[in-house]
Amino acid sequence: MKLSASPCVIVLCAVWVRTLGGSPSEKHSLFYIYSALNKDVDLPGIHQFTALGLLDDREIDYYNSKEQKKIPKQSWMMEKMQEDYWEKGTQSRKSKEQWFKVNVEILMKRMNHSDQDLHVLQWRHGCEIDEFNNGTVTFLKGIDQYSYDGSDFLSFDNSHRVWVAPVQAAEETKRKWDGVAILNQYTQGYLEKECVDWLTKFMEYGKETLRKHSPPALYMFAKRSRVAPGKLTLTCLATGFYPKDVVMTIRKSGTAIPEHLVTSSGVRPNEDATFQMRKIVDIPEKENVQYDCSVTHSSLKEPKIVQWGEAPDTTPVAVIVIVALLITAGVLCVIFVLKKRNIIGAGCLNGEDSDNSEYSLAPTGNDFTRNFSE
């Protein structure tokens with residue numbers, strides 16, 4: 001995924017959807033985030049190497065190159081996982097830290113980039129499942145993707161068991177990695193089996209926290225459009241809901257407005273581990289019709305509806321819960337302020353865990369048996 005260039009790098013983890021209201025199944029995901037710089041930066045909370053685990057958009061563990069220790073971020077992780085899990089996890093993270101240090105230098109040389117500038121290598125890795133009411137689990141997809149300086153570099157095609165090189169600089173790595181069939185076999189096996197096993201195990205361990213449902217608060221308000229004279233910008237806001245799957249529809253006289261006419265923020269995180277979503281549409285300022293907003297969510301027995309009349313909305317701005325997009329490095333995001341270059345992060349890097357690297361083919365469990373070099 002690509003983000004537009006900016007003097008500030010904001011790596012946002014938009015993690016995947018959960019349950020739709022009325023659906024017989026719930027979607028769950030397990031992802032790990034790895035981000036490495038070619039050198040240290042003098043910024044608070046920013047480290048040369050960072051790794052964290054995300055289960056259904058909640059941080060479960062964290063590691064950075066300063067503390068060099070994998071630590072639990074959920075109380076149930078601390079209670080359920082034995083001490084040797086954290087000890088082995090720490091060693092695994094240290095191994096990855098060294099791998100990233102070597103490979104970011106390899107890519108810098110390949111790109112003819114100077115080590116005087118700041119560069120970032122990222123990896124995202126994990127899996128998504130559907131869990132049905134009867135307890136059965138279906139694998140949905142696995143993701144294993146690398147980016148360098150904000151551009152997609154290499155990703156694994158799970159269906160065909162090959163690597164995809166979107167840029168010429170990645171082709172030699174693709175040829176090398178595809179040339180070792182057992183590595184691709186292992187990667188596919190991890191995504192489809194081992195990752196799913198750990199995901200379901202973690203879901204069981206943290207079920208009281210993870211399965212707690214919170215209903216959305218729903219608001220509808222409008223203001224005069226800044227760009228369209230004679231128009232109002234009508235907004236529907238749902239906030240404070242968990243899990244993150246939600247269906248929102250703005251309706252005119254009881255009929256849904258076509259989605260191509262509506263602007264959506266998508267589902268975004270709040271500071272309290274709940275979510276929010278808003279949809280916006282421009283409407284005539286003087287129109288004698290009824291608009292409403294309908295939201296369906298797994299916490300609701302029936303859709304929740306709020307109406308907006310002819311008069312412009314007077315709902316105080318204070319009722320809106322602002323999304324927490326800039327979270328500390330220990331949570332979901334990493335912010336790099338780059339003065340010399342406009343470098344961006346191509347999304348969050350996710351990785352495996354069970355403390356066996358997806359590249360750990362040796363019986364000893366050595367991490368990352370391949371790199372980007374020829």
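The values are calculated or read from the model by the stated rules, or taken from the named source; none is laboratory data. Keep in mind it's a predicted model, so treat the numbers as computed, not measured. Here the Cβ is made from the backbone with ideal geometry for all residues, glycine too, and neighbour counts use every protein chain on show.
Observations on the model:
- Filter result (surrounded by 20 or more Cβ atoms within 10 Å (Cβ to Cβ) and modelled with pLDDT of 95 or more) within the stretch 240-259: MET248, ILE250
- TYR34 vs. criteria surrounded by fewer than 20 Cβ atoms within 10 Å (Cβ to Cβ), closer than 22 Å to LYS193 by Cβ and of a type outside the set (Val, Ile, Thr): no
- Within the stretch 96-115, considering residues that are in contact (Cβ under 8 Å) with a residue 40 or more places away in the chain and not in a helix (DSSP H, G or I), the one nearest to the chain's Cα centre (by Cα): MET111
- Test: GLY126 is assigned to a loop (DSSP other than H, G, I, E, B), under 21 Å from LEU30 (Cα atoms) and either in contact (Cβ under 8 Å) with a residue 12 or more places away in the chain or of a type outside the set (D, E, K, R) (or both): no
- Being surrounded by 13 or more Cβ atoms within 10 Å (Cβ to Cβ), in contact with a Lys or Arg (Cβ under 9 Å, 6 or more places away or on another chain), at pLDDT 95 or above and outside any strand (DSSP E or B) holds for only one residue in ARG93, ARG18, and it is ARG93.
- In the stretch 202-238, the residues that are part of a helix (DSSP H, G or I) and either of a type in the set (S, T, N, Q) or under 20 Å from the mean Cα position of the chain (by Cα) (or both): PHE202, MET203, THR209, LEU210
Yes/no per residue for (1) at positive phi; (2) at pLDDT 95 or above:
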| site | (1), (2) |
| --- | --- |
| SER4 | no, no |
| GLU26 | no, no |
| ILE33 | no, no |
| ASP57 | yes, no |
| LYS70 | no, yes |
| LYS80 | no, no |
| TRP86 | no, yes |
| GLU105 | no, no |
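- Which listed residue, of CYS13, CYS8, is touching a Leu at 6+ places or on another chain (Cβ under 9 Å), within 19 Å of LEU199 (Cβ to Cβ) and at pLDDT below 95: CYS13
- Here is the figure for the stretch 265-294: residues that are under 23 Å from the mean Cα position of the chain (by Cα) and of a type outside the set (D, E, K, R) total 10.
- Identity of the residue in the stretch 239-264, of a type in the set (Lys, Arg) and not in a loop (DSSP other than H, G, I, E, B), that ends up nearest to the chain's Cα centre (by Cα): ARG251
- The lone exception for ASP149 - which of (1) free of Cβ contacts under 8 Å to residues at least 40 places away in the same chain; (2) under 30 Å from ASP42 (Cα atoms) it fails: (1)
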